[in-house]
Amino acid sequence: MGKMGDKLDLDFVVSTGDNFYNSGLKGVNDPLFLQSFSNIYTAKSLRKQWYSVLGNHDYRGNALAQLSPLLRKIDRRWFCQRSFILNAGVAEFFFIDTTPFMRKYFNNSNRHYDWRGVLPRQKYLKTLLKDLEEELRKSTARWKIAVGHHAIRSIGHHGDSPELVKHLVPVLKANNVDMYINGHDHCLQHISSTDSPLLYLTSGAGSKAWRGDVKETHFDVNFFYDGQGFMSVQMTENDTNFAFYNVFGEKIHHWKVTKSTMHPSI
């Protein structure tokens, strides 16, 4: 990542959640923050701002710790909120807290989840969707990119997220969102919609990959890689180029989307 970051001269880094395994952070002074973030991403090119969302594993710990400004005093690169908007010039990134959408986490009495600030759940989700729709509608950005932890469409281990298909997809499509980027499944994926230009991109291959669990789908799967890796996105006014890389920094898939036609070409 460091080598590719230097080559691409990146502006910032996006983390799609499950930032700290296996159960988030215990608090703002948890040494895991240094062990799993500061002391790992040490390359000069990665010393840019990081923007992160929470994943389900983060909610198993002290979720509020990751949202605390105290962590930014330890490492100024760190920025994590439940849902927020990043204005990046030609693009706006809409970060979405997807974990509370998943009903199964609320029905699981065997695991602890830190739902402070989320309950009552239905009110939280209603407000989240209302705010997201308002901000998307107001946006005049050339490109609109949504980022969340859970996949909407996936042929990986976890598969599709029915709750997001039901509640999130209509909002994204109605407001001409160009792509949804997620983690959760430990793989790299590029899936196209059958009825809109919306792309589903999974970049969750930081660890625990090689599951060998691939599901059948009726969607247009342009690329799937079960191993470890990461992705890059380069954007101009008219073009977006994204690429997937393996752990050696070798490009294993790339795609170009042109805004004027929205017809992808390799």
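The values are calculated or read from the model by the stated rules, or taken from the named source; none is laboratory data. Keep in mind that this is a model prediction, so the values were computed, not measured. Glycine gets a Cβ as well: all are built from the backbone with ideal geometry, and neighbour counts include every protein chain shown. Accessible surface areas use protein heavy atoms only, side chains included; no ligands, DNA or RNA. Shrake-Rupley method; radii C 1.70, N 1.55, O 1.52, S 1.80 Å.
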- Item | Residues in segment 209-224 that a label on D195 would reach, taking backbone N under 17 Å of a point 7 Å out along Cα→Cβ | 218-220
- Item | Computed over segment 1-261, Kirkwood Rh from alpha-carbon pairs, angstrom | 18.7 Å
- Phi to ³J(HN,Hα) by Karplus 6.51 cos²θ - 1.76 cosθ + 1.60 over segment 137-150, Hz, x for Gly, Pro: 5, 6, 5, 10, 5, 5, 10, 10, 10, 9, 10, x, 6, 7
- What FRET efficiency do you get for Q81 and D239 if R0 is 30 Å and r is their Cβ-Cβ distance, rounded to the nearest 0.05? 0.55
- What nm distance separates the two modelled labels at T258 and T42, each placed 7 Å from Cα along Cα→Cβ? 4.5 nm
- Query: Considering only H158, Q122, L198, whose Cα is most displaced toward the positive end of the charge dipole of segment 119-257, charges sitting on Cβ of Lys, Arg (+1) and Asp, Glu (-1)?
  - Reply: Q122
- Extension gain from E134 to R103, taking 0.36 nm per residue of separation minus the Cα-Cα distance: 8.7 nm
- Note on the structure: Result for segment 148-250: accessible area per residue, probe 1.4 angstrom, in square angstrom, of 41 Å²
- Task: Excluding K138 itself, calculate the net charge of residues whose Cβ lies under 14 Å from the Cβ of K138, where each Lys or Arg counts +1 and each Asp or Glu counts -1.
- Result: -2
- Magnitude of the charge dipole, the chain, Cβ model with Lys/Arg +1 and Asp/Glu -1, debye to 20: 680 debye
- Task: Using a 1.4 angstrom probe on heavy atoms only, work out the carbon and sulfur share of the accessible area of the chain in %.
- Result: 50 percent
- By DSSP, what percent of the beta bridges with both residues in the chain are antiparallel, rounded to the nearest 5? 60 percent
- Task: Rounded, prolate or oblate: pick one for segment 131-195, where a ≥ b ≥ c are the square roots of the eigenvalues of its C-alpha gyration tensor, a/c under 1.5 means rounded, and failing that, prolate if a/b is larger than b/c, else oblate.
- Result: prolate
- Residue order for S109, S207 - accessible surface, 1.4 angstrom probe, largest first: S109, S207
- Task: Mind ranking 180-188, 244-252 by how tightly packed they are, going by the mean number of other C-beta atoms within 10 angstrom, highest first?
- Result: 180-188, 244-252
